[in-house]
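Down below is the structure, laid out as structure tokens.
Rule-based calculations on the coordinates, nothing more; no lab input. Quantities reported herein were computed from a predicted structural model and do not represent experimental measurements. Note that we place each Cβ from the backbone using ideal geometry, even for glycine, and neighbour counts take in every protein chain shown.
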There are 4 protein chains.
Amino acid sequence: MPPTDGRRRELVLAAYQLIAESGLEELRTRDIAAKVGINISTLHYYFETKEDLIAAVVDHMTELFRTLRAPLAPGASALEELRHSFVTQMYRRRVEPSLELVVQEMMLRARRDEKVRARLELMLLGWNGYVESVIARGVRDGDFARDLDPKIAAAVVTSYSMGSNLQHGVRPASFPQEAGYERLVSLLRPK
Amino acid sequence: MPPTDGRRRELVLAAYQLIAESGLEELRTRDIAAKVGINISTLHYYFETKEDLIAAVVDHMTELFRTLRAPLAPGASALEELRHSFVTQMYRRRVEPSLELVVQEMMLRARRDEKVRARLELMLLGWNGYVESVIARGVRDGDFARDLDPKIAAAVVTSYSMGSNLQHGVRPASFPQEAGYERLVSLLRPK
Amino acid sequence: MPPTDGRRRELVLAAYQLIAESGLEELRTRDIAAKVGINISTLHYYFETKEDLIAAVVDHMTELFRTLRAPLAPGASALEELRHSFVTQMYRRRVEPSLELVVQEMMLRARRDEKVRARLELMLLGWNGYVESVIARGVRDGDFARDLDPKIAAAVVTSYSMGSNLQHGVRPASFPQEAGYERLVSLLRPK
Amino acid sequence: MPPTDGRRRELVLAAYQLIAESGLEELRTRDIAAKVGINISTLHYYFETKEDLIAAVVDHMTELFRTLRAPLAPGASALEELRHSFVTQMYRRRVEPSLELVVQEMMLRARRDEKVRARLELMLLGWNGYVESVIARGVRDGDFARDLDPKIAAAVVTSYSMGSNLQHGVRPASFPQEAGYERLVSLLRPK
DNA sequence: GATGAATGAGCATTCATTCAT
DNA sequence: AATGAATGAATGCTCATTCAT
């Protein structure tokens, strides 16, 4: 017998992967159940509605976003840690290419689904807060320009990250995502 | 304009508005036809498939994106013109709030619909090219740092623009979109 | 091509018959469509919801109840006309046995479906009113007891009619429906 | 009472109440189990099928119908006892309003469920037999008209009772149920 | 140009019932 | 006695598309 404790998890993972493959618009509960190898009604035994399952996917995605990071040498400087943010972005794209696709799907869904929006807001706040703290440390340590407002700078960094992902999605070959990030970080340095 | 072209245009506009209101996922051909006041079969007389109509909406959207800009004083400096990019973004949000929503919808759709992707790529290339030319002029004129690569800097500026729009969508109250843009522009200036 | 004007009617008739055969509880839109020989979605082209179709069946049933009557000789006395009420009941059971079954189904449904209840109330009011007018005439003509309140007597007659139908449904062989009616009419006569 | 019997009874009572509230059509085994506070599979331990449980509800209902009666003074005349039939009907509606609803539901179900029909036939035979015996006594005692056939008269009385309940369900405000009963009883009296 | 009628394939969800434990 | 997990067969309803007129 399969690990019944993990059925919910299996369903969330299957939905997550299907969203990455074909988007939320083409997500079908039947396909999710089939991927797990169970009957469609069993899916509804674990999640009352499709919406509930999607909310659980957002939670899973958030957890991945939080925990999936490239290794960072202990004692790294703020500059190294900020660069590491981008390294992590590339790392995620390599080991878990679904993640950025699912995040973007949810970003759009957020506008019409309050459950999704609330979860996503927390995720964005956490991410911005983390980048902000790194920049604040860098400002103190002299890694970054003294007149930088960490909250504003974090908004610039995270927004670039998201926007460059979008552009990369539409024109992967010609968009200089990495160089852009490097340039952005260098712009933050002291004169 | 011949009646045929008028009808096509009406349909495109109706679809564009419905996408802005409820997203591509909830777009129904019946609703589009009803909004125009014609029969559902007549819609198919003008557009063979829903996909074709959506492609036409992308064209309309691209046209809007290109032409809808805040007035710019003739003889403006490159610095003023780059700042003006952001002013235009805010201007669009005010006079045509649908535009940024539709662009984001299409951005996601692009991944699964080649027609949409190709059109969007052109739009992004045009936009980046324009920003690039402004920055190149600014570099020549001394408005921007001499060591700036205009293509890379343009990628940073346009990506920030898109990413900040996304974050603004999820948390409109707390996200410092304008301050971020101001900071980004100032970072590009000569030391 | 089938008489498109009659499609609605065909659907109502098919639903009416299926209700008579197996009751409202087992009524399936798919079965109705199949009986008419059309696709299930065509059914929804004519009736938005199953509930709407059922309401139309109540209208049809009411119309049948009103118009389906045994022939009554012109110039009949009130006594003959009241007896004729019961003759009509038997006549309906013979030429349209579905009718009393459908009426009883709707009677029960009325408790939970306001549309049905309202329509049925009108039908009952019409029926009671008709019986009342016959009895009133009979009282004037001396066919019925002088101290009869026509409204009350009508309530007795129509209620007997309905209740005896119910009992007849459960024990058709042993229930003396006709003799009961005859006795009831004779009780109304002058002493 | 052993626990098994207690559980069965609990389930029957829960089903009975749910039928009164929403009708047989909306009766769900899950709701019955939930009302009793047990698992849905436990319900099937006590009743193999839903149909069996419904049959048990009919038995419970019949028992209620037999035993739930307004108090009758010992030594009452046949006239008083027949009037008391209607008093009992009103009494039941007051202390156990569910009963008449459930009876009507089952009356309809009887047409398709032989178990229900057989049980209901017994109930109707018992009821008619009781009324018949009262009327027979009244005929002997001079309370009722000498030429009354007790079986026929009982059919009239019980049918009025059932039919007036139905009409009362559809138009509670305007239907003169009590006056009708009073008139019916008075019609049975000697001239 | 325009439409009323029609449909195939599908969609999330429901529900009585089963079965291993 | 009791239950958690699972399911098959439906169920009302949807929607882009077609086609004769």
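Highest mobility in the GNM of chain B, judged by mean-square fluctuation with C-alpha springs under 10 Å and restricted to B:74, B:97, B:150, is found for B:74. If you fit an axis through the alpha-carbon atoms of helix C:78-95 and take the longest principal axis of the Cα set of chain C, what angle between them do you get, 0 to 90°, nearest 10? The angle comes out at about 30 degrees.
Averaged over peptide C:102-113, the number of partner chain Cβ atoms lying within 10 Å of each residue's Cβ comes to 4.
In order along the stretch C:22-38, the phi-based Karplus estimate (6.51 cos²θ - 1.76 cosθ + 1.60, θ = phi - 60°) of 3J(HN,Hα) comes to 10, x, 4, 4, 9, 6, 10, 4, 4, 5, 4, 4, 4, 4, 7, x, 10 Hz; Gly and Pro are listed as x.
With the contact rule set at Cα under 8 Å and sequence spacing of 6 or more, what percent relative contact order holds for the stretch C:116-191? Relative contact order for the stretch C:116-191 comes out at 33 percent.
Our coupling estimate for the stretch A:104-112, obtained by passing each phi through the Karplus curve with A = 6.51, B = -1.76, C = 1.60 and θ = phi - 60°, is 5, 4, 5, 3, 6, 4, 3, 5, 10 Hz, Gly and Pro reported as x. The calculated 222 nm mean residue ellipticity attributable to helices in chain D amounts to -25000 deg cm²/dmol, summing -39500 (n - 2.57) over DSSP H runs of n ≥ 4 and dividing by all residues.
Each Cα pair under 8 Å and six or more residues apart adds its separation to the average, and for chain C the resulting relative contact order is 18 percent. Under the convention that each Lys and Arg Cβ holds +1 and each Asp and Glu Cβ holds -1, the size of the dipole of the stretch D:1-148 around its Cα centre is about 120 debye. In the protein assembly as shown, a dipole from Cβ-located charges (positive for Lys and Arg, negative for Asp and Glu) runs towards its positive end, and of B:61, B:184, B:104 it is B:184 whose Cα lies farthest in that direction.
Computed over chain D with a Gaussian network model linking Cα atoms closer than 10 Å, the most mobile of D:136, D:14, D:34 is D:34. Among D:16, D:45, D:130, the residue with the largest mean-square fluctuation in a Gaussian network model of chain D, with springs joining Cα atoms closer than 10 Å, is D:45. Computed from label points 7 Å out along Cα-Cβ, the spacing between residue A:179 and residue C:8 is 6.8 nm.
Within the same chain, lysines fewer than 8 places from residue A:35 are excluded, and of the rest, those with a Cα less than 16 Å from its Cα are A:50.
Evaluating 6.51 cos²θ - 1.76 cosθ + 1.60 at θ = phi - 60° for every residue in the stretch D:125-141, the Karplus couplings come out as 4, x, 5, 4, x, 4, 4, 4, 5, 5, 5, 4, 4, x, 5, 4, 7 Hz, glycine and proline recorded as x. Counts of other chain beta carbons within 10 angstrom of each beta carbon in peptide C:170-179 average 5.
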